[in-house]
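Here is the structure we will look at, set down as structure tokens.
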Amino acid sequence: MISFEDALETVLRDVRKTDTERVDFNDALYRVLAEDVYSDVDMPPFDKAAVDGYACRMEDLDKDLEVLEVIAAGEIPSKTILPGQCSKIMTGAMIPEGADTMLMVEHTKEVKPGVIRFTGNKTARNIAYKAEDVKKGDLVWGKGMQILPQHVAIFASVGCVNPLVAKQPRVAILSTGDELVEPAQLPGPGKIRNSNGFQLIAQVKAAHCIPNYMGIIPDDEEATDRAIGKALAENDMVILTGGVSMGDFDFVPQIMRKNKVEILFQKVAVKPGRPTVFGRTESSCIFGLPGNPVSSFINFEVFAKPLLYRMMGYEWTPRVLALPLGIDFQRKKSDRLEFLPVTIGESGLVVPVSYHGSAHIHAVCLADGIMSIPKGINDIKKGAPVHVRPI
Ligand code: AMP
Ligand code: MG
């Protein structure tokens, strides 16, 4: 049995990266950038008014000021501001020559037509200076970073309309088990609905990859062999649930080997999910996850998701919070790292949800996060910090 840390390191070693492609920046949300993007402009491109008001000289605040012109956003000022003068200008418009300050319109009054006076007692400059945010040639977003809505704005600002991004891994999802029926059916005696398959489709989508659902595979060696062979040939990753434990019909690892999978581990010191299998072929990789839905959920999150991101060149690591435990925690056995569904209260207190084990997916639905209890730890006192990954 391999430790969780060694298993994760094994999964993330020698990662086969996907190809790259250019996409319209409008379709680039959540994709992983495969090139550095530089600005082709200064931002702001000129000294610009940060407020609506009057552009003037700071040293003229105590004077009545003659208004030379009105400058709208997008217009070029035509007059230089001299002592005792100002121009009315709108937010975003270019500051005229000679001006060093923008008076907010709210802090001025018109003393007679064409003349205004500052009514405040002091003012900021209220100017956004040329290139203060980004200089022409600056790196604005880098290779290997995920593209979020705010990055789409910056791509728009620098004219990067066709960014190079990593292709999304295609992930085959196979559910093994003679007891499974599809969700639209009412399960007959001894049967249950296939929930893992659809949970995995959703998890793959949430990782911004492409799920390829291949259906329910009966507990039959030939059918399993055919499904695994096809899945490995046509996908960047295969995720299969069930059939990896010690039952009489759990022959998945042996069929993986038959399909030229080099199995890198078969048991991990983690709870839930001990019988997690991972291996690689020349062109793909495969996870065999235990059939229970909580095991499948957590093991996708901790192993498959980081690998999918790495395949796209994104060095993602999970956000893990250190928060105080709201109860005294005890467990009898501490031979494995354990993941437990927890709620996070308003004050940050972590409380495990009522949980009956790895078939109890409803407990995960009620949870805010997954707490990890390290191997070797049996007791954690109330108030002590614990590690929680928000879900
Ligand atoms: P296995 O890993 O095949 O021994 O399955 C372990 C447990 O998970 C059994 O109770 C299965 O019925 C259940 N299980 C297996 N596959 C699924 C699935 N796709 N959806 C929901 N439960 C499953
Ligand atoms: Mg099974």
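The values are calculated or read from the model by the stated rules, or taken from the named source; none is laboratory data. What you see is a predicted model, and the numbers here were worked out from it, not measured in a lab. Glycine also receives a Cβ, built like all others from the backbone with ideal geometry; neighbour counts cover every protein chain displayed. Note: accessible area is taken over every heavy atom of the protein model, side chains too, but ligands, DNA and RNA are not part of it. Shrake-Rupley method; radii C 1.70, N 1.55, O 1.52, S 1.80 Å.
Check whether at least one residue in segment 341-348 is aliphatic (A, V, I, L, M) and exposed (fewer than 15 other Cβ atoms within 10 Å of the Cβ), and report yes or no. Checking segment 341-348: not a single residue is aliphatic (A, V, I, L, M) and exposed (fewer than 15 other Cβ atoms within 10 Å of the Cβ). In this structure, V320 qualifies as β-branched (V, I, T), more than 13 Å from the chain's Cα centre (by Cα) and away from ligand 1 (no atom under 16 Å from the Cβ).
In the set (1) among the hydrophobic types (A, V, I, L, M, F, W, C); (2) in contact (Cβ under 8 Å) with a residue 24 or more places away in the chain; (3) more than 16 Å from ligand 1 (Cβ to nearest atom); (4) closer than 19 Å to M312 by Cα, the condition left unmet by A206 is number (2). How about segment 157-178: which of its residues are within 16 Å of ligand 2 (Cβ to nearest atom) and either part of a helix (DSSP H, G or I) or open to solvent by less than 70 Å² (accessible area, probe 1.4 Å) (or both)? Hits for segment 157-178 are I173, L174, S175, T176, G177.
Checked against (1) within 13 Å of ligand 1 (Cβ to nearest atom); (2) open to solvent by 10 Å² or more (accessible area, probe 1.4 Å); (3) not in a strand (DSSP E or B), Y213 meets all criteria but (3).
Only residues that are farther than 18 Å from F278 by Cβ and either modelled with pLDDT of 95 or more or more than 15 Å from ligand 1 (Cβ to nearest atom) (or both) were counted in segment 232-248, giving 2. Candidates G197, G229: the one that is surrounded by 14 or more Cβ atoms within 10 Å (Cβ to Cβ), in the same structural domain as M256 (by TED's automatic domain parsing) and near ligand 1 (Cβ under 10 Å from one of its atoms) is G197.
May I ask you to verify whether G188 is small (G, A, S), open to solvent by 10 Å² or more (accessible area, probe 1.4 Å), away from ligand 2 (no atom under 16 Å from the Cβ) and within 24 Å of D250 (Cβ to Cβ)? Judged against the criteria, G188 is a match.
Residue-level analysis places I154 among those that are within 22 Å of the chain's Cα centre (by Cα), farther than 29 Å from M237 by Cβ and either polar (S, T, N, Q) or assigned to a helix (DSSP H, G or I) (or both). Does segment 1-39 hold any residues that are among the aromatic types (F, W, Y), within 20 Å of the chain's Cα centre (by Cα) and in a helix (DSSP H, G or I), and which are they? Hit for segment 1-39 is F25, nothing else.
Answer with yes or no whether E182 is in contact (Cβ under 8 Å) with a residue 12 or more places away in the chain, among the acidic types (D, E) and open to solvent by less than 70 Å² (accessible area, probe 1.4 Å). Considered against the rule, which asks whether it is in contact (Cβ under 8 Å) with a residue 12 or more places away in the chain, among the acidic types (D, E) and open to solvent by less than 70 Å² (accessible area, probe 1.4 Å), E182 comes out as yes.
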